[in-house]
Protein chains: 2
Amino acid sequence: MARRPTVTSVQIAREAGVAQSTVSRVLNGGSVAPETKRRVLEVVAKYDFQPSQAARSLVGARSGLIGVVIRDLTNPFYPVMVKAVERVLHERGLRLSLVTDVMSAEEGLALLRREGVDGVVFTSALEGEPLAHRTTDHGIPVVLCHRTLEGFPADQVEADNVTAGELAARHLLGLGHRRIAMVRGVAGASTAQQRGLAFRREVGGAGGVTLTEIDGAYDYSTAYEAVRTLLASSEPPTALFCHNDVMAYAALNAAAAAGVPVPAELSVVGCDDVSLSAWERIDLTTVRQPLERIAQVGVELLLDRLDDPDLPHRHEVLPVEFVERSTTAPPA
Amino acid sequence: MARRPTVTSVQIAREAGVAQSTVSRVLNGGSVAPETKRRVLEVVAKYDFQPSQAARSLVGARSGLIGVVIRDLTNPFYPVMVKAVERVLHERGLRLSLVTDVMSAEEGLALLRREGVDGVVFTSALEGEPLAHRTTDHGIPVVLCHRTLEGFPADQVEADNVTAGELAARHLLGLGHRRIAMVRGVAGASTAQQRGLAFRREVGGAGGVTLTEIDGAYDYSTAYEAVRTLLASSEPPTALFCHNDVMAYAALNAAAAAGVPVPAELSVVGCDDVSLSAWERIDLTTVRQPLERIAQVGVELLLDRLDDPDLPHRHEVLPVEFVERSTTAPPA
DNA sequence: CTGAAAGCGCTTACAG
DNA sequence: CTGAAAGCGCTTACAG
């Protein structure tokens, strides 16, 4: 297919009566005489000239592209994250290159390398999955955002998931629950590990409490099935802590399907506080994570590192907040 | 910032003992002797060589990038669309460049031009907003997907929104409602126009029915406020047709907040059938749009056009389906 | 089948 | 302050 004719800096230069390099300098802020600058900008405006990103990134320096790895876009958690990331990048004149689960991690990395991204924001890092490591091996700066990896040599930001697990446990214990279940997130995710460990520890410390654990994989359908089975058991729990809000929604719906009234016979606590959770029809008790702030800090850590690769690695932990709504109550 | 060392085709060529152009031919499928090919691929594998997209798109032909304009990612409708679009593009070895509402339409177009996208999928086209026109003016192939523009010289795909409006109207009229309200989507959106017109016509034809119209802008908060006000009026409607599911959720929640039982005192019909609508806690009566199919057909129309720019414009209208759930009932 | 060469549209030293 | 020139990493005719 033939390339359609596009205005180039050479043509701008010719029409403005200057050298092509002068056009470049005008656009990138080199020293140019005011009158020359005016003349060039006039021609630039006339054609609404847009310099080719391909040429620009080929010639060196930076591509202006930041890879953003978000596996499951359909979890309502992530679009908020994309938006926050995109906002910060846009303020700095950068573009985002999205990698989702339509491709394998392997393919994603290959693409990011071909595109020559300046750095990568990982939001879905998994223990034992070497993608983040392989990315740094290629010399690409990385930030772990939301989910972290212990001892990983890069900047990291996450919510205080330990406190999140504790707050959930204390709330349910405080209401008097003694038969509790935990719907776990993806096994290799730091969020699930930290929330799980803290919740388990706190519940174990209480004594005389039964804790059942089931896998929800941070996924609606998986959690729905798991909770359905759980509720059908001979001695179902009176309270549920779900490692994220989406699984809590699944629990609420599975309970509704099973005719188990919430919170009368089943209390449900989530984690995230996605906007849906505040809906009257849902009104989920949950632990709020500063989602947009996590995204923002993540991008900023990465951009700081691009400016200065020798900065020591930083690891930020942002505070969470318990949000009591109407899905929890004392056991019947 | 210094460019980190990356393996290039020149180095691959040197190590394989061939010319750089031979490496290129091996990778792009030119005629190469089997033994030569084997040797080159071996070195390519050894370094996991990834050819620079910047260089590739600079030198001509295509950039392999498709722009996708989706304004509101937080409407759960759109992530599904992104996913479907991305899946098809990925199958064809293409990448997506996302434009959302973090930037103005103007800025979005400038970016797409700089990136040299091969084509653009518009999902949020608006009457009177010249972005799609300006894109085609730049010679960039365009497809209008989901929302269309009357007489626009490009391929278009949409759901049968006229039938959607009719089905919603007939359902509510059939239940016996005589005081009905319609929560409209964004004024310039074809979806809102078509659904609105059809619903209005059908209701008008029934006779003796009061139809109130309010603006919801396809936005949760806007619709929530509008419905709240409506329900507080002296003679509130007994049924609501919302131009999309998100506004229907807002209506359900506003009704809950106002203590108006659904469907006993208020019936609510949405449009889209996003996955949330099937949740037990929501269980929304709505009109299903073949969302993924719309995305898929849209991308395919665009890709066909890239292969053959002289194809006549096609305009596909995909069937909708009424989905009766529990938010509608006869008036009290 | 294979190599040498041109050129895509820029940025960046380097002269002047 | 400004221009001429090199070069980024590829693809694509063009020879042989």
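The values are calculated or read from the model by the stated rules, or taken from the named source; none is laboratory data. Only a predicted model underlies this, so the values are computations on that prediction, with no experimental measurement involved. Counting neighbours? That spans all protein chains shown, and the Cβs are built from the backbone with ideal geometry, glycine included. Just so you know, the surface numbers come from the protein's heavy atoms only, side chains and all, with ligands and any DNA or RNA stripped out. Shrake-Rupley method; radii C 1.70, N 1.55, O 1.52, S 1.80 Å.
Quick rundown of the values:
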read-out: Pairwise label distance in nanometres, residue A:133 with residue A:317, each label 7 Å out on the Cα-Cβ vector; value: 2.4 nm
read-out: Other copies of residue A:261: label-to-label distances in nm, shortest first, labels 7 Å along the beta-carbon direction; value: 1.4
read-out: Local electrostatic count at residue B:101 - Lys and Arg +1, Asp and Glu -1, tallied over other residues with Cβ under 14 Å; value: -3
read-out: Folded to 0 to 90 degrees: helix B:245-258 orientation relative to chain B principal axis, Cα; value: 40 degrees
read-out: Tilt relative to chain A, helix A:161-175 - C-alpha long axis, 0 to 90 degrees, to 10; value: 30 degrees
read-out: Packing-based order for A:41-52, B:111-122, using average beta carbon neighbours within 10 Å, highest first; value: B:111-122, A:41-52
read-out: Occluded residues from region B:103-134, i.e. those whose accessible area drops by 50 Å² or more once the chain is not alone (1.4 Å probe); value: B:113, B:114
read-out: Convex hull volume per residue for region B:104-189, taking Cα atoms only, in Å³; value: 102 Å³
read-out: Accessible surface, region B:161-289, averaged per residue in Å² (probe 1.4 Å); value: 34 Å²
read-out: Sequence-distant lysines (8 or more away, or on other chains) whose Cα lies within less than 26 Å of residue B:37; value: B:46
read-out: Percent RCO, i.e. relative contact order, over region A:149-296, from Cα pairs under 8 Å lying at least 6 residues apart; value: 23 percent
read-out: Summed side-chain charge close to residue B:185 - residues other than residue B:185 whose Cβ falls under 15 Å, Lys, Arg +1, Asp, Glu -1; value: -4
read-out: log₁₀ of I(q)/I(0) at q = 0.14, 0.31 Å⁻¹ - region B:189-239, Debye sum with one point per alpha carbon; value: -0.43, -1.14
read-out: Convex hull volume per residue for the protein assembly as shown, taking Cα atoms only, in Å³; value: 185 Å³
read-out: Length-normalised contact order for region A:123-206 - Cα pairs under 8 Å, 6+ apart - percent; value: 32 percent
read-out: Dipole in debye (nearest 20) - chain A, about Cα centre, beta carbon charges: Lys, Arg +1; Asp, Glu -1; value: 1100 debye
read-out: Longest to shortest principal axis, alpha-carbon extents of chain B, angstrom; value: 85, 39, 38
read-out: Accessible area buried at the B-A interface, both sides summed, 1.4 Å probe (Å², nearest 100); value: 5600 Å²
read-out: Heavy-atom accessible area, 1.4 Å probe, ligands and nucleic acids excluded: residues of region B:38-60 down by at least 50 Å² from chain alone; value: B:50, B:54, B:58
read-out: Using a 7 Å Cα-to-Cβ projection, residue B:38 label spacings across copies, nm, ascending; value: 7.0
read-out: Inter-copy separations for residue A:213, label at 7 Å along Cα-Cβ, nm, ascending; value: 5.7
read-out: Base-10 log of normalised Debye intensity for region B:117-157 (one unit scatterer per alpha-carbon) at q = 0.24, 0.33, 0.34 Å⁻¹; value: -0.73, -1.38, -1.45
read-out: Spread of Cα-to-Cα distances over 5 Å intervals beginning at zero, given as percent, for region B:9-51; value: 6, 28, 42, 21, 3
read-out: Region B:9-51 - percent of accessible surface contributed by carbon and sulfur, probe 1.4 Å; value: 51 percent
read-out: Angle in degrees between helix A:291-307 and the longest Cα principal axis of chain A, rounded to the nearest 10; value: 40 degrees
read-out: Candidate aspartates and glutamates for bridging to residue B:83, where Cα separation is under 14 Å - those fewer than 8 sequence places away on the same chain excluded; value: A:72, A:101, B:91, B:292
read-out: Relative contact order (%) - criterion: Cα under 8 Å, at least six apart; region: chain B; value: 16 percent
read-out: Leading residue at positive end of dipole, the protein assembly as shown (Cβ point charges), from B:49, A:271, B:266; value: B:49
